[in-house]
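The values are calculated or read from the model by the stated rules, or taken from the named source; none is laboratory data. These figures come from a predicted structure and were not determined experimentally. Quick reminder, even Gly has a Cβ in these numbers, built from the backbone with ideal geometry, and neighbours come from all protein chains shown. Accessible surface areas use protein heavy atoms only, side chains included; no ligands, DNA or RNA. Shrake-Rupley method; radii C 1.70, N 1.55, O 1.52, S 1.80 Å.
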Amino acid sequence: MHIRATVAAVAGALALSALVVPAAQAADAPSGKAAFGSASADAESGTNASTLDVTFSDVKVNSGRNIVVGTTNVVSVPVTYTVTHAADLDTGSDNFATGPLIYHGSSMDTADNVFISDDPATCTAASSTVLSCKGVISIRPADGDLWNSDAGTWGAGALAVTSDGDEKEQGGLGTVKVQRYSKLTVNAGPEPVYKGKTITSTGKLSRANWEDNAYHGYTNQPVKLQFRKAGTSTYTTVKTVYSDQYGNLKATATAQYDGYWRFSFAGTTTTPAVSATGDYVDVR
């Protein structure tokens, strides 16, 4: 497991439990695990804990969009979900807290990285046995929360705890992709150029490296060279080239009309699609 990520997960569990653990007990607790009880230990190990009679459903992470993470900015991920509970369960804030989580791995049992919301979710009663909940999961790449190998598909889940120590943690409630932020540049020239002459476009495709907090070239990736004629709004693909060992790009085309040249990358499972801002070339 990622040690820093594990600490973050336990810290999140501790924050989640702060409203439901008696003050004296919280003060005496020597660590996040002790304060949260077995639930935090299960959060770290990825085990599905089930001593509280609640179920989670309708989990939607980041409004169904991929989570794209750069090198420095904190990414706040909204999560909505439903909690169904026994009618006699006291879900007041002094007794009950719940929060969303995401994990990297095929199941909670084998997860090697877990993020839990820093604060308890905000819930409203839809009925005497159903809560509609909204939470936020924060990802902090500058603090070492992620490794590059974490890019890809993550599982979604949720947890709940009461002041009596009853808890429930459940995974397998959906999936979401966590991706490395991408950048793409272009420079087309010469400017101006005579009709029929060659235009050369150069650029670079790069993406976030979560292990050194820098951007590095994304190598051997297909990237489209596209053109948009002045006065129009649609880009047309001219050809496809591949990024070199440093992420650099180079493509040539014949000058015909005034317009904008750009590179466009379709994206991969680990890296989002991105298009460079078009570079205008005057054709004479």
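Can you find, within the range 265-284, the residue that is farthest from the chain's Cα centre (by Cα) among those that are of a type in the set (S, T, N, Q) and under 13 Å from K183 (Cβ atoms)? I'd like the intermediate steps shown before the answer.
Initially, the range 265-284 is screened for residues of a type in the set (S, T, N, Q), giving 268-271, 275, 277.
From the residues that got through so far, the ones that are under 13 Å from K183 (Cβ atoms) too are 271, 275, 277.
On the way: T271: 11, S275: 20, T277: 24 Å.
Selected residue: T277.
Filtering the range 237-256 to residues that are in a strand (DSSP E or B) and either under 30 Å from N148 (Cα atoms) or in contact with a strand residue (DSSP E or B) (Cβ under 6 Å, 6 or more places away or on another chain) (or both) leaves T237, V238, K239, T240, V241, Y242, N248, L249, K250, A251, T252, A253. Please go through the range 169-195 and pick out each residue that is under 30 Å from D53 (Cβ atoms), open to solvent by less than 60 Å² (accessible area, probe 1.4 Å) and not charged (D, E, K, R). Scanning the range 169-195 gives Q170, G171, L173, G174, V176. Yes or no: K177 part of a strand (DSSP E or B) and either within 30 Å of S275 (Cβ to Cβ) or in contact with a Gly (Cβ under 6 Å, 6 or more places away or on another chain) (or both)? Judged against the criteria, K177 is a match. When the range 257-271 is filtered for residues that are open to solvent by 20 Å² or more (accessible area, probe 1.4 Å) and in a loop (DSSP other than H, G, I, E, B), the ones remaining, listed by number, are Y257, D258, A266, G267, T268, T269, T270. The residues of the range 61-79 that are part of a strand (DSSP E or B) and more than 23 Å from S206 (Cβ to Cβ), listed by number, are V61, S76, V77, P78, V79. Among residues of the range 249-260 that are in the same structural domain as Q221 (by the TED database) and of a type in the set (S, T, N, Q), those with a beta-carbon under 7 Å from a residue that is surrounded by fewer than 19 Cβ atoms within 10 Å (Cβ to Cβ) and assigned to a loop (DSSP other than H, G, I, E, B) at least six positions away or on a different chain give the pairs T254/G196; Q256/K195. D109 satisfies every condition listed in (1) without any contact (Cβ under 8 Å) to a residue 24 or more places away in the chain; (2) acidic (D, E); (3) not in a loop (DSSP other than H, G, I, E, B) except (1).
Within the range 196-225, track down each residue that is assigned to a strand (DSSP E or B) and open to solvent by 20 Å² or more (accessible area, probe 1.4 Å).
To start, the set of residues in the range 196-225 that are assigned to a strand (DSSP E or B) comprises 198-209, 214-217, 222-225.
Result: T198, T200, T202, K204, R207, N209, A214, Y215, H216, G217, P222, K224.
Among residues of the range 133-157 that are in a strand (DSSP E or B), those with a Cβ under 7 angstrom from a residue that is aromatic (F, W, Y) and surrounded by 20 or more Cβ atoms within 10 Å (Cβ to Cβ), sequence gap 6+ or separate chain, pair up as C133/Y81; I137/F115; I139/F115; W154/Y103; G155/Y103; G157/Y103. Within the bounds of the range 93-111, is there any residue that is of a type in the set (F, W, Y) and over 13 Å from the mean Cα position of the chain (by Cα)? Within the range 93-111, one or more residues are of a type in the set (F, W, Y) and over 13 Å from the mean Cα position of the chain (by Cα). Taking the range 59-89 as the range and being within 15 Å of A126 (Cα to Cα) and either open to solvent by less than 60 Å² (accessible area, probe 1.4 Å) or touching a strand residue (DSSP E or B) at 6+ places or on another chain (Cβ under 9 Å) (or both) as the test, the residues that pass are T80, Y81, T82, V83, T84, H85, A86, L89. Per the listing D88, D112, D94, the residue uniquely under 30 Å from R180 (Cα atoms) and at pLDDT below 95 is D112. Of all residues being in contact with a Ser or Thr (Cβ under 8 Å, 6 or more places away or on another chain) and open to solvent by 10 Å² or more (accessible area, probe 1.4 Å) in the range 136-160, which is nearest to T51 (Cα to Cα)? Just the residue, please. Across the range 136-160, the extreme among qualifying residues is V136.
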